[in-house]
Amino acid sequence: MKATPQISDNEWEVMNVIWERAPVTAEEVIRRLREGDASWHFRTVKTYLGRLVQKKVLAFQKQGRAYLYRPLVSREECVEAASRGFLNLVFGGSLKPMLAYFVEHKKLSAKEVRELKAILEKES
């Protein structure tokens with residue numbers, strides 16, 4: 001399995017737009033981000049896009065004066081890498097204490113409990 005680069009919280013926000021809209025221009029990314037948070041600036045987004053290209057998470061193609069960005073890594077691959085990193089960092093790579101922690105500290109609905117049981121039974 002290829003190593004998926006770690007991406008920051010802000011890079012996740014940029015990538016979420018790209019995963020939903022690719023191929024997409026930087027202008028479209030900034031417009032979509034500003035819909036949720038007006039504090040995003042064009043230069044900041046361009047910086048994140050450049051970092052994501054360097055990390056080989058994004059590719060771009062010049063089209064006229066604009067650059068079209070597309071993901072090189074799927075959302076699922078990034079979720080897997082982030083989850084694995086969190087599990088290793090916080091719970092020493094062990095799934096049981098992580099599940100126990102969240103079950104004990106997070107209020108689960110009856111439906112969520114049934115869904116978790118079904119997943120665990122399917123995997124056994």
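At a glance:
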item: Inter-label distance for Val103 and Glu27, nm, one decimal - labels placed 7 Å from Cα along Cα-to-Cβ; result: 5.3
item: Lys pairs under 22 Å by Cα in the chain, provided they are eight or more residues apart or on distinct chains; result: 13
item: Among Thr47, Val17, Ser109 - extreme Cα towards positive end, dipole of the chain, charges at beta-carbon; result: Thr47
item: Estimated 222 nm signal from helices in the chain, with DSSP H stretches of n ≥ 4 weighted -39500 (n - 2.57), rounded to 500; result: -20500 deg cm²/dmol
item: Loop-located trypsin sites (Lys or Arg not before Pro) in region 1-71, at most 16 other Cβ atoms within 10 Å (DSSP); result: Lys2, Lys55, Lys56, Arg65
item: Using a Förster distance of 22 Å, the FRET efficiency for Glu77-Asp9 (Cβ separation, nearest 0.05); result: 0.80
item: Dipole magnitude (debye, nearest 20) for the chain, charges at Cβ of Lys, Arg, Asp, Glu; result: 360
item: Protein accessible area in region 2-66, 1.4 Å probe - carbon and sulfur %; result: 47
item: Helix axis angle, 110-123 relative to the chain longest principal axis, alpha carbon, degrees; result: 90
item: Residues of the chain: accessible area per residue with a 1.4 Å probe, Å²; result: 72
item: Principal-axis tilt of helix 26-36 within the chain, Cα atoms, nearest 10 degrees; result: 50
item: Built amide H within the under 5 Å cut-off of Ala59, gap 5+; result: Arg70, Leu72
item: Amide proton proximity set for Tyr67, modelled H, under 5 Å, gap of 5+; result: Ala26
item: Acute angle (nearest 10 degrees) that the helix 95-105 long axis makes with the longest principal axis of the chain, alpha-carbon atoms; result: 90
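The values are calculated or read from the model by the stated rules, or taken from the named source; none is laboratory data. All figures in this text were calculated on a predicted structure; none of them were measured in a lab. Ideal geometry is used to build each Cβ from the backbone, glycine not excepted, and the neighbour counts take in all protein chains shown. For accessibility, only protein heavy atoms count, side chains too; no ligands or nucleic acids. Shrake-Rupley method; radii C 1.70, N 1.55, O 1.52, S 1.80 Å.
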